[in-house]
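What follows is a short report on a single structure.
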Amino acid sequence: MADSRFFHRRGPFSLGDIAEQVGAELSTAQAGHLMIRDIAALDDAAPGELSLFYDTRYLRALADTHAGAIVTSRGLARHAPRGSRLLLAAQPRLAYAQIGHLFYPSPAPDAIIDSAARIDPTATIGLGSRIDSGAVVGPGVDIGKSCHIASNVVVGAGVVLGDDCRIAANTTISHALIGSRVEIGSGVCIGGPGFGYEPHLNGLTRMLQLGRVTIGDDVHVGSNSAIDRGTSGDTVIGSGCKLDNLVQIAHNVRLGRSCVICGQAGIAGSATLGDGVMIGGHSAVSDHVTIGSGARIAGNSGVMRNIEPGGVVGGFPAMPVRDWHRQTAGLMRSFSRRTTRSGGQET
Amino acid sequence: MADSRFFHRRGPFSLGDIAEQVGAELSTAQAGHLMIRDIAALDDAAPGELSLFYDTRYLRALADTHAGAIVTSRGLARHAPRGSRLLLAAQPRLAYAQIGHLFYPSPAPDAIIDSAARIDPTATIGLGSRIDSGAVVGPGVDIGKSCHIASNVVVGAGVVLGDDCRIAANTTISHALIGSRVEIGSGVCIGGPGFGYEPHLNGLTRMLQLGRVTIGDDVHVGSNSAIDRGTSGDTVIGSGCKLDNLVQIAHNVRLGRSCVICGQAGIAGSATLGDGVMIGGHSAVSDHVTIGSGARIAGNSGVMRNIEPGGVVGGFPAMPVRDWHRQTAGLMRSFSRRTTRSGGQET
Amino acid sequence: MADSRFFHRRGPFSLGDIAEQVGAELSTAQAGHLMIRDIAALDDAAPGELSLFYDTRYLRALADTHAGAIVTSRGLARHAPRGSRLLLAAQPRLAYAQIGHLFYPSPAPDAIIDSAARIDPTATIGLGSRIDSGAVVGPGVDIGKSCHIASNVVVGAGVVLGDDCRIAANTTISHALIGSRVEIGSGVCIGGPGFGYEPHLNGLTRMLQLGRVTIGDDVHVGSNSAIDRGTSGDTVIGSGCKLDNLVQIAHNVRLGRSCVICGQAGIAGSATLGDGVMIGGHSAVSDHVTIGSGARIAGNSGVMRNIEPGGVVGGFPAMPVRDWHRQTAGLMRSFSRRTTRSGGQET
């Protein structure tokens, strides 16, 4: 059960209502009347709670569970104890995530602009947006509706944010145009100058960094990550991209839609990623490299050359994962788990 | 001599008092009367200062030193110049560290709550705690006694801190239960949402992150590190753990007691470490991996499989260090130095 | 064209004036009368704009460009379309960078100390310096002339800054002596305690960290980097050094002049670098290692042993790049591009 100091639960909901909301099917019609008051892992769940079974690794937890109902797939349903109340979904993990959002919706922010926030008079703040203590909103900034700008966030001159964005505490944003439903973690730096220098007799002269950062809709950025603005032209984070913590995105990098970049990965200047690229934790992509749509890079890799669409690579220098596998038995299992980063069923 | 703009020295103390405080032995009884006013490296020390000799690499510095007294071990004492005043300790580096804390104790904070701090009326602040300008303490927060919350720190709703904690500037903490004598560096992010998504037709849905971060006693966390909260259940940092700068701890990671995690290392989701595990700088541990108590991971390694208790591994993929050593001569020396990260006798 | 919400252009300037300012030569005398209103990449440039051609990779963009004038070298001039107005420079990229600074100079800060900045009465602020909302300047701090301390920056007791420094938002500085014309990005932590512990029966005792950070002139530090103070003696960043984002500099590291440290690289305790060392992104240097002046470390490397002056190494463990090259064809091209991190002509 989630700690009520930190999380606020809605409900209860009947299993029937839940099934309807997420487009799942009930194992029996009368199961629909069961009232569910929370979600929980198989080994923690109580009779009024709903749990998830999506992998036969968790057969024992399934056998022992006290959960009142279980989300699973049609194919896995036969493993459930006789008489279990089941919610059958094509993607049980997805259904479980969606159910979680029913019980624990992200509350819309209270539309309060704290007296200790510093808002430039030329800034525009949309209806329903909240700005917390110590936040600074610079000249000409345009913040959309229902955004939450947390304490001590600094939004530099001219930045544009869409609607329903959440910017966590102590984050700094400049030189950026940001879409809607974007969530930026704490301590993030967006819009810093790219890293480019020309040597001269007495040292190094900085190349001007005259571009921007453009971020699409539904992008998430994790804690303490850094995204530099372009040199000329923009650094681009496509809609739906998810970046983990401590990720480095250099100047003029271009990410397509729905890329997943795991913790501490770094993408060097002007690298281009297609749509749906997954990059494992602690990996590095060299500058000017192109990675095709759907490619997957195992964790801890160093990518120095272009990767074909759909390519699956690992190692340093990164090579097709089947070649790397020959060198490093057991990698594949680790790889697939690392890049999907399930997180759903910790036990 | 430490710069008095930054450090405030106590003393002087007699060598006899010092010996008693740290349980060391004097080489001669009359040495106990010598007044010591500071500690210093062998090559910097003046006659009224005490220095450290713990390794024969520093024989020349020992021969040339002007130090008034030297901490060393019984076994190394014969290298000291005739007539040296010695303090003999079983662990001379430990004794030197303890003596340092006599001369430079961490001052208890002045119990001042700055007028420009923003404290929610429902928060509880223990006796003797100090809250600096721009800090934000949210609803229901419970801060113990004699804590120091530095400027612009943001402590989210419901967070619990024990006694004698120090939180450095610009750090963000949420969804966390923290023990006593914990020191968190600047720019740290604790309690962010874990990184887990489920693909759906139009993109990626976040798995709810309903867990917490629990941190034991005597934990240190370095600058700009990030510790995510659990998905369900907690991310756990055991008592006595020390984390360096820019370390990534993903959701549901569990560290035992007194683990040492060096700079820029990353531990992926649901990895479990026993007690006393040491992880060298820039290393990566894959998700769901188990590392037994006392294991040591060389710097720059990539750990993709479980490690036995006491295992000593390095490389990528990490292998027993003796195998890796065959490939990479000279590693062992580097490894042992890297993981202990002495720092005591820089010259 | 740079987004006027974020960048403020000066000019126009005649090509003749520009040539004189940067010591370049005009291809024809009458070209000097052309008025230039901006700089732009070859494929973006309009007739009144000046562009750069420095590499035959961009021949097609050169042939198609609408730029009014082009900076190039004498050797490359023959590739330009007949009749082009050229500015000939020994280092065209350097000249282009310098021209950029003519059009987009860094504005001197307005000398305003925000009413919501917290300045200790014992601090000294030089003429023309600006301190923004939420910034905290501690006791005894000495800030030079024409500095800009951005919002929510925290400068701890006793810190010294020279003239013309710029400290971006949400950065924390303590225990540091900093030169002039230094630029520190957002979210940076300077002066934290080094990471060194001694084991004892019940855990680990911190070695005191009694040193400082000293930073020379003209140093740049990127977003979310961390630089720890020395244990005894100082951590030293030589004049002209440029550090990218998320870089880790441990206690007692010493960088010579004009070193270039790319993103997410880490330098462990007491490592010493000469002058002009270049370290590629995501690389790690072990503690106590010495790297000679002019050495270059490829990205993603792990340096465990000393490197000779001028050495060029890569891989893990790092080896001479020609040996590594035999193992990893195609590296050299990637290496040279990665370490120079041009950034000038993204297309």
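The values are calculated or read from the model by the stated rules, or taken from the named source; none is laboratory data. Remember, predicted model here, so these are calculated numbers, not experimental data. Every residue, glycine as well, gets a Cβ built from its backbone with ideal geometry; the counts of neighbours run over all protein chains shown. Remember, those area values only see protein heavy atoms, side chains included, never the ligands or the DNA or RNA. Shrake-Rupley method; radii C 1.70, N 1.55, O 1.52, S 1.80 Å.
Points to keep in mind about this one:
- Unique match (being open to solvent by 10 Å² or more (accessible area, probe 1.4 Å), within 14 Å of chain B (Cβ to nearest Cβ), outside any strand (DSSP E or B) and small (Gly, Ala, Ser)) among C:Ser239, C:Ser258, C:Ser270, C:Ser293: C:Ser270
- Selection status of C:Arg130, within 14 Å of chain A (Cβ to nearest Cβ) and either in contact with a strand residue (DSSP E or B) (Cβ under 9 Å, 6 or more places away or on another chain) or at pLDDT 95 or above (or both): yes
- Taken together, the residues in segment C:296-322 that are modelled with pLDDT under 95, of a type in the set (Gly, Ala, Ser) and surrounded by fewer than 24 Cβ atoms within 10 Å (Cβ to Cβ) amount to 1.
- The number of residues in segment B:1-16 being in a helix (DSSP H, G or I) and either touching a strand residue (DSSP E or B) at 6+ places or on another chain (Cβ under 6 Å) or farther than 18 Å from B:Pro92 by Cβ (or both) comes to 1.
- Looking across B:Asp275, B:Asp287, one residue alone is crowded, with 22+ Cβ neighbours inside 10 Å and assigned to a loop (DSSP other than H, G, I, E, B). It is B:Asp287.
- Qualifying residue in segment A:95-110 (condition: open to solvent by 30 Å² or more (accessible area, probe 1.4 Å), over 18 Å from B:Thr231 (Cα atoms) and more than 14 Å from chain B (Cβ to nearest Cβ)): yes
- Contact map, segment B:136-147: residues that are at positive phi paired with residues that are open to solvent by less than 10 Å² (accessible area, probe 1.4 Å) and of a type outside the set (Gly, Ala, Ser), Cβ distance under 9 Å, separation 6+ or inter-chain. Pairs shown: B:Gly140/B:Val159; B:Ser146/B:Cys165.
- Segment A:65-80, subset of a type outside the set (A, V, I, L, M, F, W, C) and more than 18 Å from A:Asp44 (Cβ to Cβ), residue nearest to the chain's Cα centre (by Cα): A:Ser73
- One residue stands out among those in segment B:140-150 that are within 13 Å of another protein chain (Cβ to nearest Cβ) and part of a strand (DSSP E or B): the one that is surrounded by the fewest Cβ atoms within 10 Å (Cβ to Cβ), which is B:Asp142.
- Test for B:Ser27: is it of a type in the set (S, T, N, Q), open to solvent by 20 Å² or more (accessible area, probe 1.4 Å) and within 30 Å of C:Val136 (Cα to Cα): no
- Selected residue [open to solvent by less than 20 Å² (accessible area, probe 1.4 Å), at negative phi and within 26 Å of the chain's Cα centre (by Cα)] from C:Leu62, C:Leu52, C:Leu86: C:Leu52
- Residue within segment B:173-195 that is open to solvent by less than 10 Å² (accessible area, probe 1.4 Å), modelled with pLDDT under 95 and part of a loop (DSSP other than H, G, I, E, B) present: yes
- Only a single item in (1) of a type outside the set (S, T, N, Q); (2) open to solvent by less than 50 Å² (accessible area, probe 1.4 Å); (3) farther than 24 Å from C:Asn170 by Cα is not met by A:Ala117, and it is number (3).
- Residue selected from segment C:72-83 under the condition of a type in the set (Lys, Arg) and either facing chain A (nearest Cβ under 9 Å) or more than 20 Å from A:Glu198 (Cα to Cα) (or both), by the criterion most open to solvent (accessible area, probe 1.4 Å): C:Arg82
- Matching residues, segment B:190-207, being in contact (Cβ under 8 Å) with a residue 24 or more places away in the chain and either at the interface with chain A (Cβ under 7 Å from one of its Cβ atoms) or hydroxyl-bearing (Ser, Thr, Tyr) (or both): B:Gly192, B:Gly194, B:Phe195, B:Gly196, B:Met207
- In segment A:242-255, residue farthest from the other protein chains (Cβ to nearest Cβ) [restricted to those that are more than 13 Å from the chain's Cα centre (by Cα) and assigned to a strand (DSSP E or B)]: A:Leu255
- Qualifying residue in segment B:224-234 (condition: farther than 24 Å from A:Ile99 by Cβ and at the interface with another protein chain (Cβ under 7 Å from one of its Cβ atoms)): yes
- When A:Arg212 is tested against (1) open to solvent by 10 Å² or more (accessible area, probe 1.4 Å); (2) at pLDDT below 95; (3) within 7 Å of chain C (Cβ to nearest Cβ), just one condition goes unmet, and that condition is (2).
- Meets criteria (buried (at least 19 other Cβ atoms within 10 Å of the Cβ), under 30 Å from C:Ala157 (Cβ atoms) and either in contact with a helix residue (DSSP H, G or I) (Cβ under 9 Å, 6 or more places away or on another chain) or of a type outside the set (Phe, Trp, Tyr) (or both)) for B:Ala19: no
- Pick from segment C:151-172, criterion open to solvent by 10 Å² or more (accessible area, probe 1.4 Å), under 20 Å from C:Ile112 (Cα atoms) and among the hydrophobic types (A, V, I, L, M, F, W, C), ranking: nearest to the other protein chains (Cβ to nearest Cβ): C:Val154
- Residue pairs whose Cβ atoms lie under 9 Å apart, separated by 6 or more positions or on different chains, with the first residue in segment C:289-313 and in contact (Cβ under 8 Å) with a residue 24 or more places away in the chain and the second buried (at least 23 other Cβ atoms within 10 Å of the Cβ) and among the basic types (Lys, Arg), are C:Ala298/C:Arg338; C:Gly299/C:Arg338.
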